[in-house]
Each structure stands twice: as C-alpha cells, then as structure tokens.
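*Asks:* Let me begin by handing over the structure; questions about it come next.
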Amino acid sequence: MNGLPVLSIITWAPFAAALVIMAFGRTRPQLVRWSAAIGVAISCVGALWIFRAYDQAAGGWQFGERFDLVPTLGIAYELAADGMSVVMVLLTAIIILAGVFASWTVKTRDQEFYALLLLLVTGVFGVFVSLDLFVFFLFYEIAVLPMYLLIGIWGSSGDVPPRGVFGWAYRRTGVGSKEYAAMKLTLYLLFGSAFILVGILALYVAAGSTSFSLLALEKVKFAPGLQSWVFLAFYVGFGILAAIFPFHTWSPDGHASAPTAVSMLHAGVLMKLGAYGVIRVGMWLLPEATHQWMWLVGFVACINIVWGALSAMAQTDLKYVIAYSSVSHMGIVMLGAATLTETGLNGAVFQMFAHGVMTGLFFALVGLVYEKAHSREIFKMGGFASMMPGIAAAFTIGGLSSLGLPATSGFVAEFLTFLGAWASAHPWWLFPGVIGAFLTSLYVLRVVRAIFWGPKSTDPHFQHLPDAQGTEWVALVLLVFVIVLFGVLPSLAVSPIETSTVPLLMRLGVM
Amino acid sequence: MGLHAYLFLAAVVFSIGLFGVITRRNTIGILLGVELMLNAVNINLVAFSRFHGQTAGMILTVFAIAITVAEVALGLALVILLFRTRRTAIADQIDWLKG
Amino acid sequence: MSARPDSLVLVALLAPAAVFVLLAVVAPLRRSGRLAALISIAGALTALGAAILAWRNLGEDIDVFRHVWAWLPQHEGVLATVGVLADTYSVKMLVLVSLVATLVQVYSLGYLSDEPPAALGRYYMYQSLFAFSMMGLVLAPNFLQLFICWELVGLCSYLLIGFWYRKASAARAAVKAFWTTKAGDVGLLIGIVLLWRMTGTFDFAELEVWAGSQQAGIAGISLIAFCLYLGAAGKSAQFPLHIWLPDAMEGPTPVSALIHAATMVTAGVYLLTRTAFLFELAPDVMTLVAWVGAGTALMAAILACAQDDIKRVLAYSTVSQLGYMMAAIGAGFANAGFLHLLTHGVFKALLFLGAGAVIHAVHTNDITRMGRLAKSMPQTAVVFIIGTLSLAGVPLFAGFLSKEEILGAVLAGGLTVPFVMLAVAAFLTAFYMFRVVFLTFFGTADAGPKGPAYEEPVHARGHHPHDAPAVMTIPLWILALLSMAIGILFMFHHEEPQFESPVWLTPAAVGVGLAGIGLAWLTFQRRSIDGDRLASAMGPLRTAAHAGFWIDDAFLFVYRSVLLVFSRTIGWIDRYVVDGIVNVMSAWTVMGGGRLRRMQTGRVQDYVFGVAVGVVALLIWLGGVK
C-alpha cells in the first residue's frame, strides 16, 4: 500500500459516503445506512492498517502527504500521523463504526442525519492527521458545527426546573430543551475556537508569516511572553472542548440532549480533540509556557476529576450521570498531560482512548435502554438485568472500566496517570485522582444496581423489555471487545503512544 | 465666478435634498430629495471638471444622469408597489425594516 | 514427573482462564448449565493437579521459580511485567485455592441444582474467573499483577454475592462489599504508586533486595506500609472495614465458603506475608497491624455470639480468625499467620459447606429454628463438628496448632494486651461455635423458642431433612478428613517456630477452648444456665453487639448524610451557580439585544438621519485630525 494516500482515504471516505447519501438516499433508507457503514468501514480498515503499519522503531511523522493550497500564505494540505494520531484515528474509527450501527433505527430525516454525522467524522479524522494548522483549524470547525444541527433536530429535550438566585435566567434561556443544548454547545465551542484561531495566527505571524505547518513552527523559538498568553489561549480554547472546569457545563446538557450516535461521537471522540489540541499544539509548540502553566492545568484537572464525580453522583438522569462522568474522566486526561512525566503522558493519551471507547459504549447503552424502556430516570427503573442480560452485562463492563477495574482499559490509563502524578512536580495531584476513581465506583455501581439489579420494577411500562437485537449488538460487542483487549494487552496502544510522548518530553527538556 | 461658488451651490442643493429626504412624509417627496442630492453631486462633478480641465468628470456626470433616470424609474415603481400592498405612500407607516 | 514448578503453576493458572474465556464467549455453552459446570470443574481439577505436582516438585523451601513477561512498556525498557512466581508460600496457597475451588465447584452442582441452566452457566463462569484471578494473585511476582488480580477477585466477589441479583438485599450486599474493599484498595493503590516512586520497581524480588539495604524507619516507608495495610484490611475484613463480610453472606453458600472464608479474604494476610520485608522497615505500622488484628478478633468473636443466622456466625468467625492471622503478622511472625491461613482455609470451607448442607435441607439460616438435626443428617453433623473442633483449637484438629502458634507469636512479640484479647477471643470462639452445634444438631424437643423449621408449614410440610446427595457430602468428607489429617500430622511432624513459647501456653490454649465448649454445653444443651440470663448479664454489651457496635450505622451515616448530601450540594452548585452564571450571561445578552432592537425603528428616514449625522461627525473628526 505504499504511495497510497491512506490518511486522505481515512479522512475523506466518510465524506464521500455523505455525498452518496445526499445524492441518492432520499427514498432509500437501506442505502443510506449501508453507504454510511461502508464509508466508515473503509476508514476503519485504513485506521487498522496504519495502526499495524506504523513503524514504532522509527517513530515520528509517517504516511505523509502534502500539496500546497495557498503557497503565498504558506497554507498546505499536509497530512501525517504519529503514534498519538494513530491511536486517536483508531479510536475515532471504532466509535463511528459503532455509532453508525447504534443509530440504525433513526427514523426522522435519516438521510441528513447520516450525512451530517459522516461530515463531522471527516472533520475529526482531519484534525487528528493534519500538520498544517490552518487546515487543522478548518477540520476542527467541520467537526464542531454539524453538532448544532444534529442536536437541534434529532436531540431530545429534558426538564431542568429553574432554581436558585439565577433561576430567572433559566426561564429566559429555555434550559433543558434540545435547542438550548445545541445552541449552548455550539456557542461554547465557537467561543473556544476564537481563542484557538487567535493563538494560531499569533504564532503564524510571530514565525514570519511563511507557513502554518507544525513542522515549520516547531523550529521557531517563540518569545516567552508570547508563549505565555498563546498557551493560555490554546488551553482555554481547546480546553472548553475537553470540558475543563468551569467551562464544562455545555457537556452535560449537550450530551443529554444529543441523539445516541452523536453523544457517542461527541463524548467519545470530540472531547479528545480538545485534549489532543492542548498536547499537540499547545505543549508541543510552546515548551516554555508549558512549564509555566502546568500547575494551572493540573490544578484545574484535579477539580474536574472530583467535581465531575460528585456531580455525577447527584444526578438522577442516566445520561447526565454519564455526561458528568466524562467531565471527571477528561480531568484524568488533563492531569496526566500536566504531570510532564512519561507515565503520566502515556496515561493521558491512553485515557483518551480508553474513555472514548468506554463512554461510547455507555451512550450506546443508554440509547438502547431509552429506546426500550422510554425512560432515563435511574431510580424509577429496576431489575432490568433479567429482561436485558446482554445490555446489563455490557453496562457493567463499561462501568467497571469507568471505575478503573484492572483488565479493562480504564485501569491502565488511570494507573499510568497516577504513577505520573506522584512523580510530577506536584505529587499531591495523586490524591484527587484516586479519590475520583473511588467516587466513580460509588456512582457507577449505584446506577448499575438501581437499573439492572434488585427486584423487578412494578411500573407497567417496564414489564416486557427486549434485550438488544440484530445490528444493535454490533456496537456493544465491538466496544466491549476493545475495552477488554486494550485492558489485557495495553502495550498495543502504549507502544505507539510512547513514540509521540517521549519526543514531546525530550522537547520539554524533562527526559 | 470661482469654483467655490459652484461648490457652495452644490452644498446648498445637497442640504435641501437631505432635509427633504429626512423630513418629507410622502415617499414621492423623499424620492425628489434623493434626486436633489444626486444632482448636487453632479454639479460638483461638472464644476471640478471645468476648473481642472478634465473631461472625465463630464463623462461621469452623463453616466450619473442616465443612472439617475433609471433609479427614479425604479424608485417610482417601488413606491407604486408599496402603495398597492400597504395602501399608503406615507414613509412613517412603512416600517418593514423594524427589528 | 519433573516439570518445573513455574510451568506447572502456569498450567494451573491458565486452565480456569481458558474455561472462563470459553464460557464468556460461547454463549450457548454457558446457557447449557450442567455442561458448563463440568467444563469448569475439569478446569479446576487440572489446576489442582498441576498445583499439587508443583508443590511436590518445588523441593526445598528456599527455592524460587519465576517467569515473567513484559506487560507495560516504557522508554527503553519495561515498566511492568506479568508472570508467575512459585515459591513455598505461593505454591502452598495455590494448592489451598485450587483444592477448595474444586471442592466448592463440585459441591455447587448439588447446592445449585434448582437454578435454571443459564444462571448455572453464569455461576460457573464467575467461578472460573475467580479461580484464575485468585491464582494470579497468589502467583503474582510483582505488586502490579497482585493489584490487578486483587481487584479481579473483588469483582468476582461482587458478582457472586450478587448472584441472586433480583433479591434487593443481595444486590445491596454486593455493592457494599465492592465499595468497602475498594476503599481499602485506594490505599493499596496509593501505596503501590508511592513505593514505585521510591524504588522504581513493582517486583517483589527487587523490592526485597532493596529493603535489605535499607534502615528501618526510613522516611516515607511507614506511610507506604500503612497504605498497603489499608488494602489488606479492606480485603481481609479488619476493623473498621469488616462490615462488608457479614453482609456478603447473601451470596450462595458455596461462594461464601470459597471466597469469603477460605481464599479471597485471606488475600490481605497473604499480601502482608509476601511483603513482610517491607513491613519490617515500619515497626510502628506492624504494631498497628497487631493491635487492629487482635481488636478485630475480639470484636468479631463478641459479635458472633449475638448472631442467630448460621452463616453470619461463621462470617464473624472468619473476621475474627483473620484478626488472629493479622495479629501474628503484626507481631513479626508472618509464618505463624500464614500457617493459620492454610489450616483455616480448610476447616472454614468445611464449616461453610456443612452449613450450606444444613440450609439446603431445612431452608432457613436461623439456628434458633433448627434442632436435633444430628439424627436426620448424621454425616453433616459429624463433619460440621470436626470443623468446629478445628476452629475451637482442640488438639488433634487442624486449628489447634496454628492457633496456638499465633498466641505464642503474639506473646513472643511482646504484645501482652493483644495476647489477652486473643485468648478471650479463643474462649468466645469455642463458645459461639458450640452454641451453633448444640442449637443446630442437638438440643431438646423444644429446641428453640420458635421450634424447628422443618415443622413449619411454610417450608414443605411433611418434608424431612436428610443428608445432602453425594456430590455435596464427598467434598465435605474430603475437607473433614483433611482437617483431621493436618491436625494429626502436625502433632508428629512440625517445623519449630522461630520463637520460644512458655510451657503454660499449650495447656492454657486448650483450656480456654474447652472452657468455651463447656459453657456452651451448659447453656444450650444441659440448659443448666439460662441463656437469656447469661445474655442479659452482659448488659449494654449485648445491645451493642446486636447493633454490630454501630459501625455499619457510622458508615451509612457517612455515605448517606455526608457524601450523598455533599454530592447533591455540588451537583446543585454546578447546575445552578456555575451554569447559572453562564445562563445569566446568556440572558443578559438576549435582554441587551432586546433593548438595542428598539433603535431599529424601521423608518427609512430615521436611518438616513443617522447616516447624515454620521457624515457630519466624520467631517468634524477629519477636520480635527488635520
């Protein structure tokens, strides 16, 4: 496969499928689904291939492609992948494959739904493989914007009663409705984008306005003052997508309102774009500022972990629990990155992967439970395990990964992060991390018990609930398999991740 | 008469036109005000052209007059259309642009 | 046979793992029930055979065989390995684990014969996973693998306690067990991380070398040892983290025998034995271990006297015996604790399985509703009494020597008060166990206040309890004979302990045991002492014991009234303050827009006026600039 532009194929295959769907799918729902499946399957095969073919001994950027777009401004379509990208591309491919099957039963406007979903995925792939920051930003926006329509049209509204001194504002903004969630999410992320754009342009200009390429910018040594504020811009900009405290409140509302596949993709992959951006662009290009600001990144991450876990405990809506758990787990990612140690950074990237798969599984399951029981109220359900054993088992495995049980990928990620935290300049970071993991075990098992265990609920709506059927199994089996596989054989992912984190740490001068 | 006299005249005509545009209640009157403003500009162009010895200004003025005719035709057509739909030619009552 | 022990233990480890994967992946096989059971038993038997062979081939006590594979890479090296470590501790423990696992799996065939096939298959899948994880724990050559398997056995415990998940109490008990042990595991995890930072390794062998080069009491080692001990305390049900174990009896009785008596709960003791070299560096933590162990032993013995549920009596007795083992380790004689671990594993499994046979026959756990079962279930009665005698520390039975050794060890460690506590606990142990024996198997016609259970109409009128089928009694007899064989073997062949015991220790130990038996006989058989008066003589202690010393309530208070309330507060703040500020900003933006909107009158003339004013202003500004 030498010479084949494999990264472009991975990136644009879903887009091509989207075009096919828009052109021919108006009255053919099966065609829509199968072209989507084939499009993402091509990406999946490509992702698996680069995962296998990536030369770990050589490391660095591989599978490069490049042609100039606007030579006078130094904008080029430049793609390449390193170890971290390879793992992230694989994650994206897995999640979208599962997501396509998880949304098999979408009824309204399925043509547009799938087209937008695939467009979004193209953006995500693009971000993970672009080297040119201009194109990177372009893909980033492509990944963010379809979300507005996907949530606004196909989402579901919840009910958030206005309370507290700010209650009047809740009535005015319509908190709880899907339109509100879509708007909030989009505004938040575009607010972040503005910071990112400013940061990119500042670096571009400071480097002489000749190239947007990461490879060119990394050779420039930026002034410390510039580094400092640009890093903060990147941190806030990308961090909003990674749900850093206190910019995380879009996440529960957005994830709760979004349709299944969108929640999966958003919590599973899009939030990782934020962390990826902080590491790839922020930490890589601005080494001095990284040292300067890591205390802040780690501190906020600690708040994220504990705050998210406690908030998750307080929820009664299943989707909100999962959404807040994402806030907590993204804290682990940022904490790992902030440790500036090998184990910590490996843990951070591994957690991006592990949490992506796990939360994708969670949202797929919540979607299934909701589809069958038409309820997300945790404490109204009960005893579902006897009716839907498959869903119960998958949910339990997801939950166990979430609380960091060994033999699931969640454990490896958390363990590496904890090792890194104690070895970092701020050893006390270990404790919020560990406490967060413990709190996770409290709220996750509480949910499992409330929904699946115990005596059967007497509610007449919950008497005859089917287990997962047909294509619904695809997402569950695939994701459970990945969780366990990478938990048992973590070196599969850690080895490629190493090839990106070690150079980063050397660049930062801590290795 | 020097250039300044022509410019003064143009300024006076422009101001009268502007005053008319702002204050007239009837849309036809507003259109007439616009005409006056345009003609004030034309006066300026011709005057500059004459005193600087450049013919380009004259040519531009001819163009402007031609376009003004078209504009008046269009404007009157709009007014008639407005009158037909809203049964009024009073500008105050036409507030479709209101936010 | 001269296969290397490390290969043999690997076979033992992988057999149940293969069974688990097979049952987990091939759903029809799992749902077949009995076939799944037979495959699982075959796996356990393979493991048992390999373990025994490995024990035989191990040879000298000091031999250590190990084999490791890289598991987690790091830059130019390996961060963590997995593998097997076969030495005298791990192989003996492996034999115990595989033996009890095999017997319990066979026994379960009879005990769970009423379960639907799918549930039975699920049960054996969990059993195989447990066997694999427990062996992985025992054979772990490093802290990381130990922790991994440590959590996995916790998972199995959770799944098996919750095996009857439709029962609300079982579901609650399962979660409680997981949470409580997880709380301890937080400590263990922190301890491992801290130790790695200090030494750069997880490996026991490397750590032992490192520990040998260190002075006792180096900075930080006490904290590390304490953290590791927290994990051990959670798993091995030490005060105050013992609360989960009695509730864990909601699981099927064979599970209680295997996990919550013989194997998993002893993991903490095993950990401390395995890492005794670390604890020797932290004498203050050792003292704590001993005191908490002795306190746990005494407390649990008192609580056991107040229970009417046969399984809960046994559960508290397990807690109490774990306290014994911990006390010995704390006194610095890990070998004594480890010996008791092995013998206790055999006779406590026997007791639980015997209790299971009784429960299976009379369909109740309440000993006050049983009586005179020795007549209808003679075999069960005999084996149960053998187990009881072992536990009470009567000579010729398995528990006698190991218990005496612990008492000697604690005394030799200079811990007089803990020694007295343990001696009292030994008396109580004999008392409460024989209370169970007399109430269950003997007694008069009016055995208890509520009468024998099998006469109650609820449970099968006209149904007479009888000994369990062979599939259940054979494992019982094997364990009973082993208990006696070990006891007798020890009388003749026994390594000298590393400490001197005073000559009065043996008579004293036997004496308190017999005294306990005597008191139980007088109270519950002869009835020459009124049980109620005896109980009321205890006064407030009795109330406290019935309330479990309010430890459960304390935890419940912390969970419900502190943690949940706190989390709800945080959740509220997140929703209505953090997000409230956002919504206020958004509302202000909307309102500001509403105000600004009024400037747009929609009248063309207003706009023209605005433009004109703008032009004039621009002209003035331009003039000013000039």
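*Asks:* Under a plain spin-label model, where a point goes 7 Å from the Cα along Cα-to-Cβ, how far apart in nm are B:L7 and C:V420?
*Replies:* Once both label points are built, they end up 11.6 nm from each other.
*Asks:* Calculate how steeply helix A:6-24 sits against the longest principal axis of the alpha-carbon atoms of chain A, using the helix alpha-carbon long axis, and give the answer as 0 to 90 degrees to the nearest 10.
*Replies:* With rounding to tens, the tilt is 50 degrees.
*Asks:* Moving to a separate point now. Over all directions, the average projected area of the alpha-carbon convex hull for the stretch C:107-194 comes to how many nm²?
*Replies:* Approximately 6.3 nm², given one-decimal rounding.
*Asks:* How far apart, in nanometres, would the label points at B:A77 and C:A535 be if each is projected 7 angstrom from Cα along the Cα-to-Cβ direction?
*Replies:* Result for the modelled spin labels: 10.5 nm.
*Asks:* Here is a further query. Taking only DSSP H segments of four or more residues, each worth -39500 (n - 2.57), what value at 222 nm results for chain C once the sum is divided by all its residues, to the nearest 500 deg cm²/dmol?
*Replies:* About -23000 deg cm²/dmol.
*Asks:* Taking the mean number of other Cβ atoms within 10 Å as a proxy for protection, how do you rank A:235-247, C:298-310 from highest to lowest?
*Replies:* A:235-247, C:298-310
*Asks:* For a Förster distance of 35 Å, can you work out the FRET efficiency between the beta-carbons of A:F299 and C:Y559, rounded to the nearest 0.05? Please report the intermediate quantities before stating the final value.
*Replies:* Details: r = 28 Å, r/R0 = 0.80.
Step by step, r from the Cβ atoms, then E = 0.80.
*Asks:* Using alpha-carbon pairs under 8 Å, 6+ residues apart, how would you state the relative contact order of chain A in percent?
*Replies:* The value is 16 percent.
*Asks:* Taking 0.36 nm per intervening residue step and subtracting the Cα-Cα distance, what contour gain separates C:R542 from C:S169 on full extension? Write down the numbers at each step before the final one.
*Replies:* Values: separation 373, 0.36 × 373 = 134.28 nm, distance 2.50 nm.
That works out to 131.8 nm of additional length.
*Asks:* If the reach is capped at under 21 angstrom between alpha carbons, list the lysines near A:K272, excluding any in the same chain fewer than eight residues apart.
*Replies:* Filter leaves A:K184, A:K319.
*Asks:* Next up: Taking the Cα centre of the stretch B:3-92 as origin and charging only Cβ (+1 Lys, Arg; -1 Asp, Glu), how large is the dipole, in debye to the nearest 20?
*Replies:* Using only the charged Cβ atoms, the result is roughly 280 debye.
*Asks:* Could you please state, rounded to a whole Å, how far the C-alpha centre of the stretch A:335-360 is from the C-alpha centre of the stretch C:289-334?
*Replies:* 42
*Asks:* Over chain C, what is the relative contact order in whole percent, taking alpha-carbon pairs under 8 Å and six or more residues apart?
*Replies:* Dividing the mean separation by the residue count of chain C yields 11 percent.
*Asks:* Treating the angle as unsigned and between 0 and 90°, give the value, to the nearest 10°, between the Cα long axis of helix A:224-241 and the longest Cα principal axis of chain A.
*Replies:* Once rounded, one gets 20 degrees.
*Asks:* From the backbone phi of the stretch A:366-380, what are the Karplus-calculated ³J(HN,Hα) couplings (6.51 cos²θ - 1.76 cosθ + 1.60, θ = phi - 60°) in whole Hz, Gly and Pro given as x?
*Replies:* These are the phi-based 3J(HN,Hα) values: 4, x, 5, 4, 5, 4, 8, 9, 6, 8, 10, 7, 4, 8, 8 Hz.
*Asks:* Mind giving me the FRET efficiency for C:D552 and A:T471? R0 is 45 Å, r the Cβ-Cβ distance, nearest 0.05 is fine.
*Replies:* For C:D552 and A:T471, the calculated efficiency is 0.45.
*Asks:* What percent does the relative contact order of the stretch A:282-363 come to when contacts are Cα pairs within less than 8 Å and at least six residues apart?
*Replies:* Normalised by residue count, the contact order of the stretch A:282-363 is 26 percent.
*Asks:* Going by Cα centres, the stretch C:153-205 and the stretch A:129-186 are how many Å apart?
*Replies:* Result: 39 Å between the Cα centres.
*Asks:* Ranked by Cβ crowding within 10 angstrom, fewest neighbours first, how are A:T339, B:T68, B:T23, A:T186 ordered?
*Replies:* The most exposed by this proxy come first: B:T23, B:T68, A:T186, A:T339.
*Asks:* Full-extension gain between A:K219 and A:L187, please, as 0.36 nm times their residue separation minus the C-alpha to C-alpha distance.
*Replies:* Residue separation times 0.36 nm, minus the Cα-Cα distance, leaves 8.1 nm.
*Asks:* Given +1 on the Cβ of Lys and Arg, -1 on the Cβ of Asp and Glu, and no further charges, what dipole in debye does chain C carry about its Cα centre, rounded to the nearest 20?
*Replies:* That gives a dipole near 2300 debye.
*Asks:* Taking the Cα centre of the protein assembly as shown as the origin, how large is its charge dipole in debye, to the nearest 20, when only Lys and Arg (+1) and Asp and Glu (-1) carry charge on their Cβ atoms? Show your work: numbers first, answer last.
*Replies:* Numbers: 69 positive and 63 negative charges, 772 e Å.
Dipole about the Cα centre, nearest 20: 3700 debye.
*Asks:* Please list, by residue number, every one of the trypsin sites (Lys or Arg not before Pro) in the stretch C:525-600 that is coil in DSSP and has at most 16 other beta-carbon atoms within 10 Å.
*Replies:* Working: sites: C:R526, C:R527, C:R533, C:R542, C:R560, C:R568, C:R575, C:R595, C:R597, C:R598; in loops: C:R526, C:R527, C:R598.
Sites meeting the loop and neighbour criteria: C:R526, C:R527, C:R598.
*Asks:* Within the stretch A:22-52, which residues have the backbone N less than 15 Å from the label spot 7 Å out from A:T105 along Cα→beta-carbon, could you tell me?
*Replies:* Those under the cut-off are none; the list is empty.
*Asks:* Another question about this same structure. Report the label-to-label distance for C:E76 and C:Q498 in nanometres (one decimal), using points 7 Å from each Cα along the Cα→Cβ vector.
*Replies:* It works out to 4.0 nm between the two label points.
*Asks:* For the protein assembly as shown, with the dipole built from +1 on Lys and Arg beta-carbon atoms and -1 on Asp and Glu ones, taken about the Cα centre, which of A:L505, C:A282, A:Y204 lies farthest toward the positive end?
*Replies:* In the protein assembly as shown, that residue is A:Y204.
*Asks:* Hey, what angle do you get for helix A:318-339 against the long axis of chain A, alpha-carbon based, 0 to 90 degrees rounded to 10?
*Replies:* Tilt of helix A:318-339: around 20 degrees.
*Asks:* Along the charge dipole of the protein assembly as shown, pointing to its positive end and built from +1/-1 on Cβ of Lys, Arg, Asp and Glu, which listed residue (C:L479, B:I16, C:L228) has its Cα farthest out?
*Replies:* The Cα lying farthest towards the positive end belongs to B:I16.
*Asks:* Among C:C305, A:G239, C:Q498, flag the residue with its Cα farthest along the positive direction of the charge dipole of the protein assembly as shown, charges on Cβ as +1 for Lys/Arg and -1 for Asp/Glu.
*Replies:* Result: A:G239.
*Asks:* Taking the Cα atoms of the protein assembly as shown, report the difference between the largest and smallest coordinate on each principal axis, in whole Å and largest first.
*Replies:* Principal extents (largest minus smallest coordinate, Cα): 142, 65, 55 Å.
*Asks:* Apply 1/(1 + (r/R0)^6) to the Cβ-Cβ distance of A:S157 and C:I620, taking R0 = 41 Å, and write down the FRET efficiency to the nearest 0.05.
*Replies:* Efficiency for this residue pair is about 0.15.
*Asks:* Out of residues 5 or more away from C:N142 or on other chains, whose amide H comes under 5 Å of its own, with H placed 1.01 Å from N in the peptide plane?
*Replies:* HN-HN under 5 Å from C:N142: C:F204.
*Asks:* What is the distance in Å between the Cα centroid of the stretch C:398-428 and that of the stretch A:278-323?
*Replies:* 52
The numbers here are math on the coordinates, done by the rules we state, and not lab data. In this text, all values refer to a predicted model and were calculated from it rather than measured experimentally. Here Cβ is always computed from backbone atoms with ideal geometry, including for glycine, and neighbour counts include all displayed protein chains.
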